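Working notes, beginning with the structure itself.
The values are calculated or read from the model by the stated rules, or taken from the named source; none is laboratory data. Keep in mind the model is a prediction, meaning the values are calculated, not measured. When we count neighbours, we look across all protein chains shown, and the Cβ atoms used for this are built from the backbone with ideal geometry, even at glycine. Accessible surface is based on the protein model in full, side chains and every heavy atom, while ligands, DNA and RNA are left aside. Shrake-Rupley method; radii C 1.70, N 1.55, O 1.52, S 1.80 Å.
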Amino acid sequence: MTTEIELKRGLQGVYIDRTQSSFIDGAIGKLLYRGYSIHDLSEKATFEETVYLLLYGKLPNRKELNDFDAHLRANRSIPPEIVQIIRLIKDAHPMDVLRTAVSALAAYDPDVADNSLESTLRKGVRLTAQAPTIVTAHARIKDGKEPVEPDSNLNQAANFLYMLFGKEPTSAEARLMEKDFILHAEHGINASAFAARVAASTISDLHSAIVSGIGTLKGPAHGGAAEEVMKMALDIGEESNAEQYTRDILESGGRIMGFGHRVYKVEDPRAPHLQAECEALGEQKGQPKWFRILSKVAEVMEPYASRGICPNVDFWAGTMYHLMDIPKDIFISIFAMGRIPGWTVQVMEQYANNILLRPLLLYEGPMDLEYVPIDQRE
Ligand code: ACO
């Protein structure tokens, strides 16, 4: 008896569970973290406050925030053995290095085998604090420089830029980075969060789940888009080339990176925040051309909005990083650093009401073939 099977390729439109972490309405471009608008959080909150909100489910009061922030700052160091591993694999892509270092950090985490919610939260906080130390140590070692120790006088975003460049950023630069971290902190069951949840659903530990998330985020269809957009802008070179370049890609059936989203069918609500920053920073740095090039690309893409293909968060992010002199190959790592709190929340929710994530595949190959001994095969 054959039953009608409905394939949901790519799990499109499939709800796999409930969440209290973020709400996304892709039809109107709405994003809330724990009920709070991404517009308010990105403009008014700090990254530390946002992480607290995501992990604890409420905005902290002053004392709670101070304690939490102090805890984050106190957990930024990584063991010298991890720095040694980074040195050994320094020529690898920064996301491969981050993935490997997070995996290795499990060996040094006192809570590694404890999957209780309290322990998972503690590990999530430590990984949030440690990820920038890994990324910046690698960026510097790769450039023949020594890593810069974290500075506990600086907040997460300022400290990241300090460890990367070896000098304190201006408050405007630090705020820009902070805004970027907030905008990337959580986004429901996107591909990397799904991967993290799949790992957690087997009752594997947080480090394994975050490693799955990092590996999944790396692809250009997900976190890799910011880097690809900047490569495109550099390739275009001048505003006058942008229109033809974009049309050539589209006519050859290619995709414009930083456009389109599985859920948003209007503009990604995170995008305008970075668009405004990208424009202002370009003017301030005397390099308005990158913003103008991307604006031209966006103009050519306007008719695609009717098909739900609009700018996503990564369309402007890459140019903003470029204007901040951040090397292209760590763009995805910045996304990952911001997203660790979101992955942690997703894993905690999975543990709290676990069910093994195990969908089905419809087999379409041959059936019941006769096994032929190897010497008798052609
Ligand atoms: N440029 C041109 N056409 C596009 C684009 C794009 N960026 N994105 C989608 N399309 C077209 C596809 O060609 C397809 O057309 P068709 O129906 O004629 O074949 C249609 O839109 C649907 O595309 P799918 O890939 O089926 O849609 P899906 O929801 O699976 O894709 C994705 C979402 C992967 C993000 C896609 O839009 C894409 O590849 N974008 C470029 C990469 C990118 O920017 N990724 C970052 C995503 S945001 C994030 O992760 C933070």
Just checking, which of ARG262, ARG197 is at pLDDT below 95 and within 22 Å of the chain's Cα centre (by Cα)? ARG262
Would you check if there is a residue in region 96-106 being assigned to a loop (DSSP other than H, G, I, E, B), aliphatic (A, V, I, L, M), closer than 28 Å to SER208 by Cβ and in contact with a Ser or Thr (Cβ under 9 Å, 6 or more places away or on another chain)? no
In region 346-363, is there at least one residue being of a type in the set (Ser, Thr, Tyr), surrounded by 21 or more Cβ atoms within 10 Å (Cβ to Cβ) and out of contact with any His (no Cβ under 9 Å at 6 or more places or on another chain)? no
On the given criteria, is GLN275 without any contact (Cβ under 8 Å) to a residue 40 or more places away in the chain and away from the ligand (no atom under 14 Å from the Cβ)? no
If I filter region 192-207 for residues that are within 15 Å of the ligand (Cβ to nearest atom) and basic (Lys, Arg), do I get at least one hit? no
All positions within region 38-63 that are more than 21 Å from ASP25 (Cβ to Cβ) and of a type in the set (A, V, I, L, M): VAL51, LEU55, LEU59
Being in a loop (DSSP other than H, G, I, E, B) and either open to solvent by 10 Å² or more (accessible area, probe 1.4 Å) or within 11 Å of the ligand (Cβ to nearest atom) (or both) is the filter here; which residues of region 171-187 pass it? HIS184, HIS187
Any residue at all in region 142-153 that's closer than 21 Å to GLY223 by Cα and touching a helix residue (DSSP H, G or I) at 6+ places or on another chain (Cβ under 8 Å)? no
Give GLY308, GLY286, GLY318 a once-over and let me know the one that is on the phi > 0 side of the Ramachandran plot and within 12 Å of the ligand (Cβ to nearest atom). GLY308
Scanning region 217-250 for residues that are under 14 Å from the mean Cα position of the chain (by Cα) and open to solvent by 50 Å² or more (accessible area, probe 1.4 Å), the one farthest from VAL313 (Cα to Cα) turns out to be LYS218
Need pairs with beta-carbon distance below 6 Å; first residue more than 18 Å from TYR321 (Cβ to Cβ) and in contact (Cβ under 8 Å) with a residue 60 or more places away in the chain and within region 167-196, second open to solvent by less than 20 Å² (accessible area, probe 1.4 Å) and in a loop (DSSP other than H, G, I, E, B); sequence gap 6+ or separate chains. GLU186/SER21
Residue among PRO303, PRO269 that is at pLDDT 95 or above, more than 8 Å from the ligand (Cβ to nearest atom) and open to solvent by 50 Å² or more (accessible area, probe 1.4 Å): PRO303
Tally up the residues in region 92-137 that are open to solvent by 10 Å² or more (accessible area, probe 1.4 Å) and touching a Leu at 6+ places or on another chain (Cβ under 9 Å), please. 8
